[in-house]
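The structure appears right after this line, and notes come after that.
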Amino acid sequence: MKNLAANLDRRRAEHLYRRRRVVEGMQGPALRIDGRELVAFCSNDYLGLAADPRLVEAMQRGAARYGAGSGAAHLVSGHSAAHHALEEELAAFTQRPRALLFSTGYMANLGVLSALLGRGDAVIEDRLNHASLLDGGLLSRARLRRYAHADAEAAEAALAGPEGERLLATDGVFSMDGDLAPLPALAEACARHGAWLMVDDAHGLGVLGEQGRGSLAHFGLGPHEAPILMGTLGKAFGTFGAFVAGSQDLIETLIQRARPYVYTTASPPAVAEATREALRIAQSEEWRRERLRTLIARFRAGMEALGLPIMESTTAIQPVPLGESARALRWSEALERRGLLVTAIRPPTVPAGSARLRVTLSAAHTEAQVDRLVDALGAIAQVERP
């Protein structure tokens, strides 16, 4: 215990220390944080639904009917009619036989991988996968093999081997780079090797594909190509929680064996009611995705016109690469002085030497807010240039 303070001091010296902020009021582009008015470009509320009054009303109705909490795990007495209806609607949305709710995406990924794999099996993962997929692979006790980012040939080479079950797990949209996994090629490789393909589409669902069905729909892939789909509900859908969608046998196996599901209190039914409303809105209001695409194009055009660095991404995640952690922090602090909130992303979230500003756009942003961000980045770049 005596080394805790020294370790914290070391993180500060290495520009890796993180701190929380206190947000007052509802989520949205305009936030009051730590007593200051800021325009935020770091939320995952891609469709602008987190503060939508229809979701608030649905949650209020749910609380009036079901109360504040679920009282128990799903397998005890906590699985409400609201949870059950949401699972059925998520299954229909993803065009799969069944869906199963989890409290978080992290828990869903841990639960799937540890339930399906064990010693003697192999899990193959992209090097830039979310931490929950990597931790799930380790927890499963299967042999973990990591391949070069978005390299389908390297993934297929990693699939070869004498192990029993083989599962390839990948993000659909990579949370820190904003690029898409080569899902068609990965699906073909898994088919050739008799392996499962699991897609964590936390940042694709609601945003990509027809009616927001995600990165698999974007590529025209279905349940046969990717039998395991994980999605979160706290990003584009604006609420909280996660789910896994797949076959009847997959979901029944998870109900029996996924420890984060079996041993966790179910989320409040009122949250499920709000999510049902969010799912309806996300499917029916195509203008939200159209607006988001317009803002993405506007931001990228502005950055390119100023000659500013930007990573290759067509999604709402638009990283600005800056290299060293200290530089990323300086830029973030400079933006905050101008009334703009963009978080500096540093190791270990990203590899050493690849610190960045992770700009995320929402359908709730205005063109003027996007232009203001681009202008501010241009001004900071002028100061930083030798």
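A quick yes/no check of all residues on (1) in contact (Cβ under 8 Å) with a residue 40 or more places away in the chain; (2) more than 26 Å from PHE102 (Cα to Cα):
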residue: ALA150; (1), (2): no, yes
residue: ALA158; (1), (2): no, yes
residue: ASP171; (1), (2): yes, no
residue: GLN211; (1), (2): yes, no
residue: HIS224; (1), (2): no, no
residue: PRO227; (1), (2): no, no
residue: MET230; (1), (2): yes, no
residue: LYS235; (1), (2): yes, no
residue: GLY238; (1), (2): yes, no
Right, GLY62: in a loop (DSSP other than H, G, I, E, B) and either closer than 24 Å to ILE251 by Cβ or modelled with pLDDT under 95 (or both) or not? no
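Filter region 308-331 for residues that are in a strand (DSSP E or B) and either aromatic (Phe, Trp, Tyr) or under 25 Å from ARG293 (Cα atoms) (or both); which is farthest from the chain's Cα centre (by Cα)?
First pass over region 308-331, keeping only residues in a strand (DSSP E or B): 317-323.
Keeping just the survivors that are either aromatic (Phe, Trp, Tyr) or under 25 Å from ARG293 (Cα atoms) (or both) gives 317-322.
Working: ILE317: 10, GLN318: 14, PRO319: 15, VAL320: 18, PRO321: 20, LEU322: 22 Å.
The selected residue is LEU322.
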Closer than 20 Å to VAL39 by Cα, modelled with pLDDT under 95 and in contact with a Leu (Cβ under 8 Å, 6 or more places away or on another chain) - does that describe any residue in region 370-385? yes
Taking LEU113 as meeting all but one of (1) touching a Ser or Thr at 6+ places or on another chain (Cβ under 6 Å); (2) of a type in the set (A, V, I, L, M); (3) under 16 Å from PRO351 (Cα atoms), write down the number of the exception. (3)
Output the residues belonging to region 189-213 that are out of contact with any helix residue (DSSP H, G or I) (no Cβ under 8 Å at 6 or more places or on another chain) and not aliphatic (A, V, I, L, M). GLY194, HIS203
Here are the criteria: (1) more than 20 Å from the chain's Cα centre (by Cα); (2) part of a strand (DSSP E or B). Tell me which single one MET230 does not satisfy. (1)
Could you tell me whether region 206-219 includes any residue that is farther than 17 Å from GLU89 by Cβ and part of a strand (DSSP E or B)? no
Single residue of region 188-211 satisfying the filter (surrounded by fewer than 24 Cβ atoms within 10 Å (Cβ to Cβ) and in contact with a Phe, Trp or Tyr (Cβ under 9 Å, 6 or more places away or on another chain)) that is nearest to ALA272 (Cα to Cα): GLN211
Looking at region 27-44, is at least one residue part of a loop (DSSP other than H, G, I, E, B), more than 30 Å from ALA258 (Cα to Cα) and not assigned by TED's automatic domain parsing to the domain that holds VAL342? no
Quickly run through region 295-307 and pick out the residues that are in contact (Cβ under 8 Å) with a residue 40 or more places away in the chain and either in contact with a Ser or Thr (Cβ under 9 Å, 6 or more places away or on another chain) or not in a loop (DSSP other than H, G, I, E, B) (or both). LEU295, ILE296, ARG298, PHE299, GLY302, MET303
Residue among LEU134, LEU117 that alone is farther than 22 Å from GLN248 by Cα, free of Cβ contacts under 8 Å to residues at least 60 places away in the same chain and either outside the structural domain of THR239 (by TED's automatic domain parsing) or aliphatic (A, V, I, L, M) (or both): LEU134
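The values are calculated or read from the model by the stated rules, or taken from the named source; none is laboratory data. What you see is a predicted model, and the numbers here were worked out from it, not measured in a lab. Here Cβ is always computed from backbone atoms with ideal geometry, including for glycine, and neighbour counts include all displayed protein chains.
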